[in-house]
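As structure tokens, the structure follows; a few thoughts come after it.
Where a number appears in this text, it was derived from the coordinates with a stated rule and is not lab data. None of these values were measured; they are calculated from a predicted model. Glycine gets a Cβ as well: all are built from the backbone with ideal geometry, and neighbour counts include every protein chain shown.
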Amino acid sequence: MPTTFYCLVALAWSTVVSPIPDVTLNTHYWYTLGLEFIWVYAATVFMAPWFGLAKSRLSQKSYTTTVIAVGILAFVVNGYIAAMSTTSAGEFSWLQKLMSAATYVIAFLIGGLLRDVTDVMDSDRAGALGMRSLAAILALATILEGALSFTGNLTAMAVLSYKSTSLISFALAAASLLFSATRRSASGNPRTAGVIVTLSTATLGFYVMQSLTSSLWRPVFNTLLANMLVSQNSPAAICIITGTVISIVFALALLIIDAARSLIVRKLKRQ
């Protein structure tokens, strides 16, 4: 429903208010392959029961070994494609997108393994593991990316940080998931828990909105960051920090908009 809603809003805006490039009744890319990861999410949800069936037929050891082996293989392929794409002027970027989709699926499988591990641990011990893992990976990632940005080694940053195919992004996501899964219940603070759940579910709307309107905001942001990057007084590190701040503000704005939409829909359903 959020996907359909924002597609209709984008089409109405493009038709009545101000044209959005390629968003018309006569084109279809903007709501088909243009929303590629919406379909990746849908395919993953469809495949989840089949993964569960496979797990029920395999021993825990066999299942664990298979998922770990597939995960390692995926990142070997990801690293190779990233290196090839960097040295070939982005010639293999389409392969990176395909592998990014595959990596999402592997992320869910590894998330299941993390749950298996934490379920059999003492809650305090599991909480300590989640906290230390996230702190360690966050520190290592910050130091590594900071060193590369300050030295201007943007090629290495591109190899290590491309979407979900990068080992850094995946490690941070896995550590964040482990941290969240090992926290104690937030039932004592229902308002905070409600805000977290609302913003989490709004990520679908955020993705659709930023995808449909990318032709409007991307040129503005790209020009701003490019001007900073070529300025003698604005090294790569400042450009990266500015881009990060812009991304966070932009994401929060779209998340809040979709959270408001979701709240209105829920109120209408109650009535």
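Quick notes
- Taking a ≥ b ≥ c as the square roots of the eigenvalues of the Cα gyration tensor, an a/c ratio of 1.5 or more together with a/b no larger than b/c marks the range 52-139 as oblate.
- Under 20 Å from K163, Cα to Cα: lysines that are on another chain or at least 8 residues apart: K97
- Prolate/oblate/rounded label for the chain (Cα gyration tensor, a/c 1.5): rounded
- Note on the chain: helix-only mean residue ellipticity at 222 nm, from DSSP H runs of 4+ residues weighted -39500 (n - 2.57) and normalised by residue number, equals -27000 deg cm²/dmol.
- Principal axis dimensions, largest first and in whole angstrom, of the range 189-271 by Cα: 58, 32, 13
- The range 32-184: C-alpha gyration tensor shape, a/c 1.5 cut-off, then a/b vs b/c: oblate
- The phi torsions of the range 70-78, fed into the Karplus equation with coefficients 6.51, -1.76 and 1.60 and a -60° offset, translate into couplings of 5, x, 4, 4, 4, 6, 5, 5, 4 Hz, rounded to whole numbers, with Gly and Pro shown as x.
- Of the residues Y80, Y63, Y6, the one with the fewest other Cβ atoms within 10 Å heads the list, and the complete ranking is Y80, Y63, Y6.
- Gap separating the Cα centres of the range 190-207 and the range 233-254, nearest whole Å: 22 Å
- Backbone geometry of the range 256-271 corresponds, through the Karplus equation with coefficients 6.51, -1.76 and 1.60 at θ = phi - 60°, to 3J(HN,Hα) couplings of 5, 4, 6, 4, 5, 4, 4, 5, 4, 4, 5, 5, 5, 5, 5, 6 Hz, x marking Gly and Pro.
- 15 Å Cα-Cα reach of K55 towards aspartates and glutamates, excluding residues that sit fewer than 8 places from it in its own chain: D116
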